[in-house]
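Mind having a look at this structure? Questions to follow.
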Amino acid sequence: GIQVEQSPPDLILQEGANSTLRCNFSDSVNNLQWFHQNPWGQLINLFYIPSGTKQNGRLSATTVATERYSLLYISSSQTTDSGVYFCAVARGAGSYQLTFGKGTKLSVIP
Amino acid sequence: EAQVTQNPRYLITVTGKKLTVTCSQNMNHEYMSWYRQDPGLGLRQIYYSMNVEVTDKGDVPEGYKVSRKEKRNFPLILESPSPNQTSLYFCASRSPSGELFFGEGSRLTVL
């Protein structure tokens, strides 16, 4: 099956700093999503981005499908950004099963 | 507001006592699924349903049952829970474009 690798596995930031999280995948995909799992365990949709670039406030994401990677940018980080960020992908027409990466654990300290 | 609602959010039970975790979505999505999340193992799919009365096994279906009698509801049933089913459970529904929406999670402890 498709492999999804996220880096770095852990990241500690000072509040206000910027960061880039990476997601590499082993095959072509037609579905890619970024999720944030907050410290209370809730999984929150950030971006549905099988290709291209999207921005939502301080967060933005870029997927380069031909090179099989996606990047999540967090600018001016806040303590509420802490948690685990997951990338999930699916391939093939009508593909229903997402494959999740192991996540990047982000800790933003005041 | 578009959402996926699961209940209960927290549950402590004992081995062998049947329980049901309910899941409901208000987005008219055809596809719904259940995942469990365990430390070191990530998110694993238990069952999924592509439409009413159509369900199929995911990666870890043993010990679980599901039903899909209506489009909006997709309950997860543990007929005889065991301690290895202690986990964080998520229900999800998927839009026609492929975007997955998760419920808030149900933390289950089986003693």
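Of the residues A:Gln14, A:Gln37, A:Gln42, which is modelled with pLDDT of 95 or more and under 22 Å from B:Arg36 (Cβ atoms)?
Criteria check complete, one pass: A:Gln37.
Oh, and also: Kindly indicate the residue of the range A:66-86 that is more than 14 Å from chain B (Cβ to nearest Cβ) and either in a strand (DSSP E or B) or touching a Pro at 6+ places or on another chain (Cβ under 8 Å) (or both) and also farthest from A:Val29 (Cα to Cα) among those meeting that condition.
Among residues in the range A:66-86 that are more than 14 Å from chain B (Cβ to nearest Cβ) and either in a strand (DSSP E or B) or touching a Pro at 6+ places or on another chain (Cβ under 8 Å) (or both), the one farthest from A:Val29 (Cα to Cα) is A:Thr79.
When you check A:Ser60 against the structure, is it loosely packed, with under 15 Cβ neighbours inside 10 Å, among the small types (Gly, Ala, Ser) and either out of contact with any strand residue (DSSP E or B) (no Cβ under 9 Å at 6 or more places or on another chain) or assigned to a strand (DSSP E or B) (or both), yes or no?
no
Can we say B:Tyr31 is within 24 Å of A:Thr99 (Cα to Cα) and within 10 Å of the chain's Cα centre (by Cα)?
Here the answer is no, as B:Tyr31 does not meet what is asked.
Next up: Which condition number does B:Asn73 fail, the rest of (1) within 14 Å of another protein chain (Cβ to nearest Cβ); (2) closer than 13 Å to B:Cys23 by Cβ; (3) not hydroxyl-bearing (Ser, Thr, Tyr) being met?
For B:Asn73, the exception is condition (1).
Pairs needed: first member in the range B:48-65, in contact (Cβ under 8 Å) with a residue 24 or more places away in the chain; second member anywhere, polar (S, T, N, Q) and crowded, with 16+ Cβ neighbours inside 10 Å; C-beta distance under 6 Å; at least 6 residues apart or different chains.
B:Ser49/B:Thr55; B:Gly58/B:Gln45
Also: Mind checking whether some residue in the range A:93-104 is outside any loop (DSSP other than H, G, I, E, B), out of contact with any Gly (no Cβ under 7 Å at 6 or more places or on another chain) and modelled with pLDDT of 95 or more?
Yes, the range A:93-104 has at least one match.
Can you find even one residue in the range B:88-103 that is among the small types (Gly, Ala, Ser), in a loop (DSSP other than H, G, I, E, B), more than 14 Å from chain A (Cβ to nearest Cβ) and farther than 15 Å from B:Ser24 by Cβ?
There is no residue in the range B:88-103 that is among the small types (Gly, Ala, Ser), in a loop (DSSP other than H, G, I, E, B), more than 14 Å from chain A (Cβ to nearest Cβ) and farther than 15 Å from B:Ser24 by Cβ.
Which numbered condition trips up B:Phe90, out of (1) of a type outside the set (A, V, I, L, M); (2) under 15 Å from the mean Cα position of the chain (by Cα); (3) over 24 Å from A:Val89 (Cα atoms)?
In the conditions (1) of a type outside the set (A, V, I, L, M); (2) under 15 Å from the mean Cα position of the chain (by Cα); (3) over 24 Å from A:Val89 (Cα atoms), B:Phe90 misses (3) alone.
Among the residues of the range B:36-59, count how many are of a type in the set (Val, Ile, Thr), over 12 Å from the mean Cα position of the chain (by Cα) and within 24 Å of A:His36 (Cβ to Cβ).
Qualifying residue count for the region: 0.
Okay, next question. Scan B:Ser106, B:Ser67 and give me the residue that is more than 9 Å from chain A (Cβ to nearest Cβ), within 14 Å of the chain's Cα centre (by Cα), surrounded by 14 or more Cβ atoms within 10 Å (Cβ to Cβ) and more than 14 Å from B:Leu11 (Cβ to Cβ).
B:Ser67
Next question. Take the range A:8-64 and flag every residue that is in contact with an Asp or Glu (Cβ under 7 Å, 6 or more places away or on another chain) and away from chain B (no Cβ under 14 Å).
Across the range A:8-64, the qualifying residue is only A:Asn24.
Can you tell me which residue within the range B:29-64, out of those that are aliphatic (A, V, I, L, M) and crowded, with 19+ Cβ neighbours inside 10 Å, is nearest to B:Gln85 (Cα to Cα)?
Applying the filter and picking the extreme gives B:Ile46.
For the range B:34-47, give me the residue count where each residue is out of contact with any Ser or Thr (no Cβ under 7 Å at 6 or more places or on another chain) and under 14 Å from B:Ser93 (Cα atoms).
Selection size over the range B:34-47: 3.
Restricting attention to the range A:6-57, which residues are assigned to a strand (DSSP E or B) and small (Gly, Ala, Ser)?
A:Ser7, A:Ser19, A:Gly52
Taking B:Leu76 and the conditions (1) touching a Gly at 6+ places or on another chain (Cβ under 7 Å); (2) touching a residue at least 24 places away in the same chain (Cβ under 8 Å), which numbered condition does it fall short on, given that it satisfies the others?
Failing condition for B:Leu76: (1).
The values are calculated or read from the model by the stated rules, or taken from the named source; none is laboratory data. Not measured: the values here are computed from a predicted model. A quick note on method: Cβ atoms are made from the backbone with ideal geometry, for glycine too, and the neighbour counts reach across all protein chains shown.
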